[in-house]
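Asker: Got a structure for you, questions after.
The values are calculated or read from the model by the stated rules, or taken from the named source; none is laboratory data. For clarity, every value in this text was computed on a predicted model and none was experimentally measured. FYI the Cβ positions are ideal-geometry reconstructions off the backbone, even for glycines, and counts take in every protein chain you see.
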Amino acid sequence: MKYFELVLEDEKMMGVNAISVVESPAIEEDFIALSKEVQFAVQNEEKRIIMGAVLIPNKPIYRVDKKTGEEYYVFFTEQTIRKAAELFLKKGYQGETTTEHSSSVNGVTTVEQWIIEDEVHDKTRKYGMNYPVGTWMQARKVDNDQVWDDVKAGKYNGFSIEGYFAHKPVMSVEMSMQEIEEQEAQHLVELYILGAMKGVLKNDKRVKGGLRIEMESYSDYPEAVRNNAKRGIELNEKGGNKCATQVGKVRAQQLASGQALSMETIKRMASYLARAEEYYDESDSSACGTISYLLWGGLAGKRWAESKISENEK
């Protein structure tokens, strides 16, 4: 699926020119209504303020082209979000509000906005929100009685922007790595069938039906491969295990523990590492491209796999 970065190519003509209160926000993040039940400290009167995320950096937002039916994702970088937030105020759009991107309404105004600079100490933590650094937040005062009643009734749950941005075809490292790993996952069934066809059937009373499949396998990869996998596991755990699919995580456990790999798995390993190598950055140990590459054995794993394949073909 295609990915597009939304960018501000012309600041005079582009940017966010209104905020819509909607039932289902595209960024899938709801706002909270600050009232008697959820209020600022030492304030008792109903404040009629709704607070929530306007844009979250690098969050894929699903879209469908109305003309062609083509599905794709768009996302905003932290830099673009910050610039859009600044332009929103500079151009005086604080009071521009719609409901469900259709009807323009009065009496709903931005009274506060900020970019999250610290996940731990940002004021959003007080209200149970957990957004990443770079998120554009807004607090909006609702003096419109009908809109406020609809908010309290659960009709509106979040913010959605209205504006103009240019589409820049691009694929982030994390998105690319995920697609590569998903392709590996799709091959698992295929590999099992190939393994069964190439394997040797032997009698074994421990297996239902009395047969088991034995496949030629190899575990003579160098210590560097095991160390790379261990390093990848360590870095991934440090970052909350957010990188790699289950296939990549399982492969890392196999390599780290020195388990034997079938030739078909080695071929997939070489193929994956060859395609994912461009996303490896030795200087950035927190990047998913780096972590995923290490989980599969890194450069040492690629060299060993290619060498093993060459030996096998001879």
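Asker: Could you list all residues from the stretch 84-110 that are of a type in the set (A, V, I, L, M, F, W, C) and either outside the structural domain of Gly158 (by TED's automatic domain parsing) or surrounded by 13 or more Cβ atoms within 10 Å (Cβ to Cβ) (or both)?
Answerer: Ala84, Ala85, Leu87, Phe88, Val105, Val108
Asker: Another one. Conditions: (1) assigned to a helix (DSSP H, G or I); (2) at pLDDT below 85. Ala274 meets all but one. Number of the miss?
Answerer: Looking at each condition in turn, Ala274 falls short on (2).
Asker: Among the listed residues Ile81, Ile61, Ile115, which satisfies the condition of being touching a Leu at 6+ places or on another chain (Cβ under 6 Å), free of Cβ contacts under 8 Å to residues at least 60 places away in the same chain, assigned by TED's automatic domain parsing to the domain that holds Asn157 and surrounded by 12 or more Cβ atoms within 10 Å (Cβ to Cβ)?
Answerer: Ile81
Residue-wise test of (1) assigned by TED's automatic domain parsing to the domain that holds Ala305; (2) of a type outside the set (S, T, N, Q); (3) at pLDDT below 90.
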position: Ser217; (1), (2), (3): yes, no, yes
position: Asp220; (1), (2), (3): yes, yes, no
position: Glu223; (1), (2), (3): yes, yes, no
position: Arg226; (1), (2), (3): yes, yes, no
position: Gly232; (1), (2), (3): yes, yes, no
position: Asn236; (1), (2), (3): yes, no, yes
position: Lys242; (1), (2), (3): yes, yes, yes
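Asker: Pick from Thr68, Thr98: which is among the hydroxyl-bearing types (Ser, Thr, Tyr) and farther than 20 Å from Pro25 by Cβ?
Answerer: None of the other options fit; the residue is Thr68.
Asker: Please work out which residue is modelled with the lowest pLDDT, limiting yourself to the stretch 45-92 and to residues that are of a type in the set (S, T, N, Q) and within 24 Å of Met129 (Cα to Cα).
Answerer: By that ranking, first place goes to Asn58.
Asker: Looking only at the stretch 289-308, count how many residues are farther than 17 Å from Gln246 by Cα, in contact with a helix residue (DSSP H, G or I) (Cβ under 6 Å, 6 or more places away or on another chain) and either of a type in the set (A, V, I, L, M) or not assigned by TED's automatic domain parsing to the domain that holds Asn241 (or both).
Answerer: The qualifying residues number 2.
Asker: It is to be established whether one or more residues within the stretch 300-313 are over 30 Å from Pro132 (Cβ atoms) and not in a helix (DSSP H, G or I).
Answerer: Looking for residues that are over 30 Å from Pro132 (Cβ atoms) and not in a helix (DSSP H, G or I), one finds none in the stretch 300-313, hence no.
Asker: Here's something else I'd like to know. So in the stretch 279-288, with the set limited to residues that are within 17 Å of Asn241 (Cα to Cα) and in contact with a helix residue (DSSP H, G or I) (Cβ under 6 Å, 6 or more places away or on another chain), which one is surrounded by the most Cβ atoms within 10 Å (Cβ to Cβ)?
Answerer: Cys288
Asker: Any idea which of Ile291, Ile309, Ile233 is buried (at least 21 other Cβ atoms within 10 Å of the Cβ) and hydrophobic (A, V, I, L, M, F, W, C)?
Answerer: Within the list Ile291, Ile309, Ile233, the selection yields Ile291.
Asker: To continue, here is another question. Taking the stretch 277-290, which residues are within 18 Å of Ala229 (Cβ to Cβ), not β-branched (Val, Ile, Thr) and not in a loop (DSSP other than H, G, I, E, B)?
Answerer: Glu277, Tyr279, Cys288, Gly289
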